[in-house]
Amino acid sequence: MRPGARNLITDVAGLSVGNAEDHVIRTGATVLLGARPFTAAVHVMGGAPGTRETDLLAPDKLVHEVDALVLSGGSAFGLDAASGVADGLRAMGRGFAVGDARVPIVPGAILFDLLNGGDKSWAENPYKRLGRAALAAVAPDFALGTAGAGTGATTQGLKGGLGSASAILENGVTVGALVAVNALGSVTIGHSPQFWAAPWEIGVEFGGLGLPAQFEPAREPAADKRAKEATTIAVVATDAVLSQAETLRMAVAAHDGMARAIVPSHTPFDGDLVFAAATGEKPLADRSSALFLIGHAAAACLARAIARAVYAAEARPGDVLPAWSDRFGHG
């Protein structure tokens, strides 16, 4: 497999991404929008998830397609980002038709960034505004690192962030990942700058540092991060024609990428989840083989995207943790 032209989830044709941030609050929201409704599913493996409209993504439910997916900071407050996106989509005339009414279908997930040094003394929930602003910003290209839902994210010992990556398979199918990394665990190995995701790196997309000559034991998560709670939330996408059940299997497979890139992952304190999206542009010839490869590519893309999120994070005044580039002096 090789990266797409942008090495972003938007290499999957028909998808665009928008970010919005508030650097005073140290938070933000990210929207994945389809040119038309797309098949979606979700799989949750963390012990502390925060979600909106995820029950309807089960294969036995009425609605199999959604208009957008939203990742946001803010813990439970951040669920309101999807309301801002829904308002914007309704104004665009989009949504599930029920008689003369249009109801935008906008599942979302949140991460906990309420103790990251930002000013959280708002009088009115800011996330509806951030969601609407993120929708207005959707484009094929978007910022990584300290951007969107990753603006206020942290990991074990380092700033987290927003990451993305893509892969084009030999059969022509494109797979991509988008992730906001706010993990309890560590994305780097011991005290070194190297990433757990190094075996899946393509080129030098997160420094080309490889693995350390000798692994340090995985560190026990520090008490301060444990108390703050966490969560890594992601989307994997493909242009293949998939049923909702097959889309769900892609989400399940992608969790392997999270476990490869974050140590530990899927803890009781993380709300780790993966949305999956299938735009249905490319029929699959050898279906069983293609589904296997799509799941593998989704996991590899997600691992790479997680490392890219931390690698691209930027230091800002008042940070409670250093950025990767700030600690290791290059990037």
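Surface composition of the chain: carbon plus sulfur atoms contribute 55% of the solvent-accessible area (1.4 Å probe, protein chains only, all chains present). Here the dipole of the range 34-148 is about 180 debye; that uses its Cα centre as origin and unit charges on the Cβ of Lys and Arg (positive) and Asp and Glu (negative). The alpha carbons of the range 1-52 stretch over 34, 29, 26 Å along the principal axes, in descending order. Each residue of the range 305-317 was assigned a 3J(HN,Hα) from its phi angle through the Karplus expression (A = 6.51, B = -1.76, C = 1.60, θ = phi - 60°), giving 5, 4, 5, 5, 4, 6, 4, 8, 4, 10, 6, 9, x Hz with x at Gly and Pro. According to the Cα-based calculation, Rg over Rh for the range 264-304 is 1.09, with Rh computed by the Kirkwood formula.
Return the long-range amide H neighbours of A48 (sequence gap of 5 or more, or a different chain), with a cut-off of under 5 Å between placed amide H atoms. So A48 has HN proximity to D270, G271, D272. From the Cα gyration tensor of the range 258-331, with a ≥ b ≥ c the square roots of its eigenvalues, which class applies: rounded if a/c is under 1.5, or else prolate if a/b is larger than b/c, or else oblate? It comes out prolate by the Cα gyration axes. Charge tally around P283: other residues with Cβ under 15 Å, Lys/Arg +1 each, Asp/Glu -1 each, net -2.
Which of the GluC sites (Glu not before Pro) across the range 100-205 are loop residues per DSSP, with 15 or fewer other Cβ within 10 Å? Within the range 100-205, the qualifying GluC sites (Glu not before Pro) (loop, at most 15 other Cβ atoms within 10 Å) are E124, E170. Considering only V98, V320, V179, the Gaussian network model of the chain with Cα springs below 10 Å gives its largest mean-square fluctuation to V98.
Based on DSSP H segments of at least four residues, each scored -39500 (n - 2.57), the chain has a per-residue ellipticity at 222 nm of -7000 deg cm²/dmol.
Taking amide hydrogens as placed 1.01 Å from N in the peptide plane, the amide H of D113 sits under 5 Å from those of G74, S75, each at least 5 positions away in sequence or on another chain. The phi torsions of the range 63-80, fed into the Karplus equation with coefficients 6.51, -1.76 and 1.60 and a -60° offset, translate into couplings of 9, 9, 10, 10, 8, 7, 10, 10, 10, 8, x, x, 6, 4, 4, x, 4, 6 Hz, rounded to whole numbers, with Gly and Pro shown as x. Applying the Karplus relation 6.51 cos²θ - 1.76 cosθ + 1.60 with θ = phi - 60° to the range 289-299 yields 3J(HN,Hα) values of 5, 5, 5, 4, 5, 5, x, 4, 5, 4, 5 Hz, where x marks Gly and Pro. For the chain, a simple Cβ point-charge model (Lys and Arg +1, Asp and Glu -1, everything else neutral) yields a dipole of about 140 debye relative to the Cα centre.
Accessible surface computed residue by residue for the range 2-329, with neighbouring protein chains in place and a 1.4 Å probe, gives 37 Å² per residue. Restricting the trypsin sites (Lys or Arg not before Pro) of the range 1-73 to loop positions (DSSP other than H, G, I, E, B) with no more than 13 neighbouring Cβ atoms within 10 Å leaves K61.
A cut-off of 5 Å between modelled amide H atoms, ignoring neighbours fewer than 5 places along the same chain, links L211 with no other residue. Entry note, the range 2-329: relative contact order of 25 percent, from Cα contacts under 8 Å with a spacing of 6+ residues.
In the chain, the ratio of gyration radius to Kirkwood radius, Rg to Rh, stands at 0.95 when only Cα atoms are counted. Residues D60, D100, D22 ordered from highest to lowest accessible area at a 1.4 Å probe: D100, D60, D22.
The values are calculated or read from the model by the stated rules, or taken from the named source; none is laboratory data. Since we're looking at a predicted model, the values are computed, not measured. Neighbour counts run over all protein chains shown; Cβ positions are idealised from the backbone, glycine included. Calculation scope for accessible area: heavy atoms of the full protein, side chains included, ligands and nucleic acids excluded. Shrake-Rupley method; radii C 1.70, N 1.55, O 1.52, S 1.80 Å.
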